[in-house]
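The values are calculated or read from the model by the stated rules, or taken from the named source; none is laboratory data. A quick note: this is a predicted structure, and the numbers were derived from the prediction, not measured. For neighbour counting, all protein chains shown are included, and Cβ atoms are generated from backbone atoms with ideal geometry for every residue, glycine included.
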Amino acid sequence: MRPFSFIRKKLVYLSLLATSLFFTGCEVFRDAPQSTFEAKGPVAQVQLDLMNLTLMVCTFIFVVVGSVLLYAVIRFRRKPGEKDKVIPAQAHGNPMIEIGLIVGSVLLLVIIAVPTFKAAVYSYDVPEEYGEPLEIIAVGYQWWWSFEYPEQEIVTANEMVIPTDRPVRVHLRAEDVIHSFWVPKLAGKRDMIPHRSNFLWLMADEVGEYYGQCAEFCGTSHANMLFRVFAKEEGDFDQWVEEQQAPGRQPKEDEELELFGKNLFQSKGCVQCHNVTEVAPGGVLGPDLTHFGGRTTVAAALLDNTDDNLALWLREPERVKPGNLMTEAVMEQNLTEEEIEALVAFLSSLK
Ligand code: CUA
């Protein structure tokens, strides 16, 4: 076997491997919660359309340039027995080709530029005809999210609830370092910068659960800084707001385990960082837990909100979310399994 054909074979295998890897990364072909190819709101749709248009134009350029190149390579290559063949006639400075290339490039750029400008204007702020938006203040922390609803006077964490078919203006803030707000199926991304206010708007067409993700490197657990957006029908949304506005549920007199957990929550210092309005209001360093039991996730949407996962989070926070602020406090307390069980019971009861 000649060494050349061996190398050629290897190249073919390598390109096949690269192609299959490329398609594995392609989320179009499977159900992916963070796929930008599946827009579920007008802002994401506009962004997706723009990406598709750009992709089409670029594919067109790739095919045209590639074909011309391929044609030239094959047509003008040196064939066997043509060792002394002279260089083919050159077409430098052919005015028709030069003008054609310039006009063609400008045209393609305009095809991309006009919709880009329109999309930038559209996605900047809520168009007036959509009516009054719901205002939410999203604050990024290392590594979790707080969501405040100033008009409704409620605060929640890591799970943002919105009504469907109503525009939402999300004001973006950061408490420590730069984060970036991104809900791939609804809108994104936009930076949250300390000491600067920023905003974006989004709208959900359908009821559903949408995954969010911090999209700017912000430290050790950047990849673990997730959140969820729940879009509900207007009636369900109003009901959720009412539940959040109502005082949080507290353990009853016969719920001994929960009451023990409540005591621990106060005595072990949890209240210094976490607000539970009915127990000890004021903690702002960690997520508000007043209605924690009603949430579906723990630790910035990393784990499902189950007793086992919550216990794991209290037992080994560093394993779940490396670098997080709670680790030191929890290690200092040296919680026993009984204490963890009681804290889990108490926290889950907060609805
Ligand atoms: Cu916050 Cu990355």
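Here are a few things to note about the model shown:
- No other residue among Val279, Val298 is more than 19 Å from Cys214 (Cβ to Cβ), among the β-branched types (Val, Ile, Thr) and without any contact (Cβ under 8 Å) to a residue 60 or more places away in the chain apart from Val279.
- Enumeration of residues in the range 138-166 that are of a type in the set (S, T, N, Q) and more than 16 Å from the ligand (Cβ to nearest atom): Gln152, Thr156, Thr164
- Only one entry in Ala300, Ala311, Ala342, Ala329 is touching a helix residue (DSSP H, G or I) at 6+ places or on another chain (Cβ under 7 Å) and either basic (Lys, Arg) or closer than 22 Å to Glu175 by Cα (or both), namely Ala300.
- The residue of the range 207-219 that is surrounded by the fewest Cβ atoms within 10 Å (Cβ to Cβ), among those that are more than 16 Å from the ligand (Cβ to nearest atom) and closer than 30 Å to Glu318 by Cα, is Glu209.
- Only residues that are touching a residue at least 12 places away in the same chain (Cβ under 8 Å) and of a type in the set (S, T, N, Q) were counted across the range 90-132, and they come to 2.
- Candidates Val64, Val43, filtered to the one that is surrounded by 12 or more Cβ atoms within 10 Å (Cβ to Cβ) and β-branched (Val, Ile, Thr): Val43
- Filtered residues of the range 167-185 (kept if in contact with a Leu (Cβ under 8 Å, 6 or more places away or on another chain), more than 12 Å from the ligand (Cβ to nearest atom) and either aliphatic (A, V, I, L, M) or in contact (Cβ under 8 Å) with a residue 60 or more places away in the chain (or both)): Val168, Val170, Val183
- Residue match in the range 46-56 (condition: of a type in the set (Val, Ile, Thr) and either within 30 Å of Ala204 (Cβ to Cβ) or in contact with an Asp or Glu (Cβ under 9 Å, 6 or more places away or on another chain) (or both)): yes
- The set of residues in the range 220-253 that are within 11 Å of the ligand (Cβ to nearest atom) and more than 17 Å from Trp182 (Cβ to Cβ) contains only Thr220.
- Strands (runs of 3 or more DSSP E) within the range 66-178 that include 2 or more residues within 22 Å of Ala39 (Cα to Cα): 134-141, 159-163, 168-174
- Residue match in the range 186-206 (condition: within 16 Å of the ligand (Cβ to nearest atom), farther than 21 Å from Lys40 by Cβ, within 11 Å of the chain's Cα centre (by Cα) and surrounded by 15 or more Cβ atoms within 10 Å (Cβ to Cβ)): no
- Among the conditions (1) away from the ligand (no atom under 16 Å from the Cβ); (2) more than 27 Å from Ala329 (Cα to Cα); (3) aromatic (Phe, Trp, Tyr), Phe260 misses just one, which is (2).
- Single residue of Gln244, Gln239 found to be in contact with a strand residue (DSSP E or B) (Cβ under 9 Å, 6 or more places away or on another chain), in a helix (DSSP H, G or I) and surrounded by 18 or more Cβ atoms within 10 Å (Cβ to Cβ): Gln244
- Scan the range 38-61 for residues that are assigned to a loop (DSSP other than H, G, I, E, B) and over 25 Å from Glu209 (Cβ atoms) and the total you get is 0.
- Flag if Val73 is at pLDDT 85 or above and touching a strand residue (DSSP E or B) at 6+ places or on another chain (Cβ under 6 Å): no
- Evaluated against (1) under 30 Å from Asp238 (Cα atoms); (2) surrounded by 15 or more Cβ atoms within 10 Å (Cβ to Cβ); (3) away from the ligand (no atom under 16 Å from the Cβ), Ile112 falls short on exactly one condition, (1).
- Any hit, the range 332-345, residues being assigned to a loop (DSSP other than H, G, I, E, B) and touching a His at 6+ places or on another chain (Cβ under 7 Å): no
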